[in-house]
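Enquirer: The structure is given below, and queries will be raised subsequently.
Values in this text are rule-based calculations from the coordinates and carry no lab data. The structure presented is a predicted model; accordingly, all values stated were derived computationally and were not measured. Positions of Cβ are backbone-derived with ideal geometry, glycine not excepted, and every protein chain shown enters the neighbour counts.
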Amino acid sequence: MNNNSLFIRAAKSELTERPPVWMMRQAGRFMKEYWDIKNKYSFLEMCKTPELAADVTMLPVDLLDIDAAILFSDILVTAEAMGGDLSFTQGVGPKFSNPVRTEADINRLQTGVNDKLQYVADAIKVIQQRLGGKIPLIGFAGAPFTVMSYLVEGGSSKDFKLTKLMLHNQPELAHQLLSKIAEVTIDYLNLQIAAGVNAVQIFDSWALALAWDDYKEFSHYYINKIISGLNRADIPVISFCKGSSVFAPLMAEAKPDVISIDWNVDLLDIKRRLPAGIAVQGNLDPHVLYADKKVIKERIHRLFERMRGEPGFIFNLGHGIMPDIPFDNVKYAIEVIKEFKY
Ligand code: CP3
C-alpha cells in the first residue's frame, strides 16, 4: 500500500491537498448492492465468508470512490469468539442468548481466541488483493466498554441499565469482564495488523452514556491498554466514541494518531485543544445527508473552510450512515469533497 495516500498522510497529521473522505458504515444498507448480497446470506455468514466480506468491503470503493476502505465485519465478533451466542435479526439488531451478568458467566468466557477469528485475517488478505494498493484498508474492533454493554444487556440498549448497575455495584466484576475483553481485543487487532490492515479504528459507540469518572475508570483505562498493546509500527490508530466532544482530552492521553469527533462540537476548536500530532476525523452530522443537495454542499464547505490550513484532518460523519439515507446524497457528498481544493 502506498503510504502517500491522502488518508494515511492526514492520519499522520500532515496537511493534504484536500481532506480525505471515508464514512462510518459506508459498506451497508443504504446501498441497493448491499441488499443484493444480504438477501442471499445472513449478516454473520457475510462476515465469516472472506469472499463475501471482501465483496461488501469493495462496494463503497467501487461505487463511491472513497479514500479508505473499512473491513466489513462487526464489533461483536470478538464477543462471539469468547463464547457469546450471537445472532442478528432484521429490525432487532444483535442479540446474545446467554448474557454475561455473574462471575460464573465471566469465568466461562474464553480468551486466546484468535484461531476462531482467522476468517477475519483471511478476509483482510482477499480485500488487500482486490484493493491492489489503491487505497488503505482500515481494520477495527469495539472498545471493551461498548462490547461489554452488549454482553451484559444481551443486545442493544437505550439506557445501559444493567451495564451501569454492574459498574456501580460490582466494579471488580466489571473489571474482570473488561480485562478479558481488552485482552482479546489486543490479540484481535494484532491479528488484523499482521494480516495487512493499514490503520485500525477502535469503536466506543456508547461511551457517551458514562459519567466522566466512570468513562476514565471503565473505558479509557482499557482503550489505553489496547493502544499500548498493539504491534502498530507505523499503523495509525483512530479512537472513536460517541461523546468524543466531551472525552477528547482524555482520549488523547491514550496516544491515538487520530480522534474521531462527533458533531456536537466545533472541530477546529476541539483540535486546537488537543496535543500537537493528534489528527481529527469528523464531524458532519449524518442527518445532513438527508437534506437537499444545496445544504449538503454548503455544510461540507462550511466545515472545510473552518479546517482550511489545518494539518491532520480526515472527513467523516460524526457517527455512521443511517440505512435510509439516499445513496445519491452520499455519492453527491463525496463528489463535493473530491472537488474541493485547499
Ligand atoms: O462501517 C462499515 O461499513 C464496516 C462495517 C461495520 C458494521 N458494524 C457492519 C454492520 C462496522 C464498522 C460496524 C461496527 C459496529 N457494530 C458498531 C460501532 C459503530 C457504530 O455505528 O457505532 C456497533 C455498535 C455495532 C453493533 C451492531 N451491529 C448493531 C447495533 C447492529 C444492528 C443495528 C444497526 O445499526 O444495524 C449491527 C448490525 C450491522 N453491523 C449491520 C451492518 C452492515 C446491519 C446488518 C444487517 O441487518 O444487514
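Enquirer: For helix 293-306, report the angle its Cα long axis makes with the longest principal axis of the Cα atoms of the chain; keep it between 0 and 90° and round to the nearest 10°.
Expert: It works out to around 90 degrees.
Enquirer: Here's another thing I want to ask about it. List the residues whose amide H sits under 5 Å from the amide H of ASN98, counting only those 5 or more places along or on another chain, with H placed 1.01 Å from N in the peptide plane.
Expert: Placed amide hydrogens put ASP85 under 5 Å from ASN98.
Enquirer: Mind sorting SER219, SER149 by how few other Cβ atoms lie within 10 Å of their own Cβ, fewest first?
Expert: Ordered from fewest to most neighbouring Cβ atoms within 10 Å, SER219, SER149 come out as SER149, SER219.
Enquirer: Could you please rank SER156, SER239, SER97, SER245, placing first whichever residue has the fewest other Cβ atoms within 10 Å of its Cβ?
Expert: SER97, SER156, SER245, SER239
Enquirer: Right, another one. Enumerate the calculated ³J(HN,Hα) couplings along region 182-193 in order (Karplus 6.51 cos²θ - 1.76 cosθ + 1.60, θ = phi - 60°), each rounded to whole Hz, writing x wherever the residue is Gly or Pro.
Expert: For region 182-193, the Karplus curve yields 4, 4, 5, 5, 4, 4, 5, 5, 5, 4, 5, 5 Hz.
Enquirer: Taking amide hydrogens as modeled 1.01 Å from N in the peptide plane, which residues meet the under 5 Å criterion relative to ILE259, leaving out close sequence neighbours?
Expert: Under 5 Å from the amide H of ILE259 lie the amide H atoms of SER239, ALA279, VAL280, GLN281, each far enough along the sequence or on another chain.
Enquirer: Please compute, over every Cα-Cα pair in region 127-284, the percentage with a separation greater than 23 angstrom.
Expert: For region 127-284, the fraction of Cα-Cα distances above 23 Å is 38 percent.
Enquirer: Could you line up HIS220, HIS287 from fewest to most neighbouring Cβ atoms inside 10 Å?
Expert: HIS287, HIS220
Enquirer: Where the Cα atoms of region 210-311 are projected onto their three principal axes, how long is each span, largest first, in whole Å?
Expert: 45, 31, 22
Enquirer: Another question, if that's okay. Helix-only estimate, please: 222 nm mean residue ellipticity of the chain, summing -39500 (n - 2.57) across DSSP H runs of length 4 or more and dividing by its residues, to the nearest 500.
Expert: -13500 deg cm²/dmol
Enquirer: Looking at region 6-339, what % of its DSSP beta bridges pair antiparallel, to the nearest 5?
Expert: Details: 5 of 29 bridges.
Roughly 15 percent of the DSSP beta bridges within region 6-339 come out antiparallel.
Enquirer: Still on this structure, I have one more. Which whole number in µm²/s is D for the chain by Stokes-Einstein, with the Kirkwood Rh taken over Cα pairs at 10 °C and 1.306 mPa s?
Expert: In µm²/s, the coefficient rounds to 79.
Enquirer: Per residue of region 40-53, what does 6.51 cos²θ - 1.76 cosθ + 1.60 with θ = phi - 60° give for ³J(HN,Hα)? Whole Hz please, x for Gly and Pro, Karplus curve as stated.
Expert: For region 40-53, the Karplus-derived couplings read 9, 9, 7, 4, 5, 4, 4, 5, 8, 9, x, 5, 6, 4 Hz, x marking Gly and Pro.
Enquirer: For VAL295, what is the net charge nearby, where nearby means another residue's Cβ is under 12 Å from its Cβ and Lys, Arg count +1, Asp, Glu -1? Present the calculation step by step, with values, prior to reporting the outcome.
Expert: Working: positive: LYS293, LYS294, LYS297, ARG299, ARG302; negative: ASP285, ASP292, GLU298.
Net charge around VAL295: +2.
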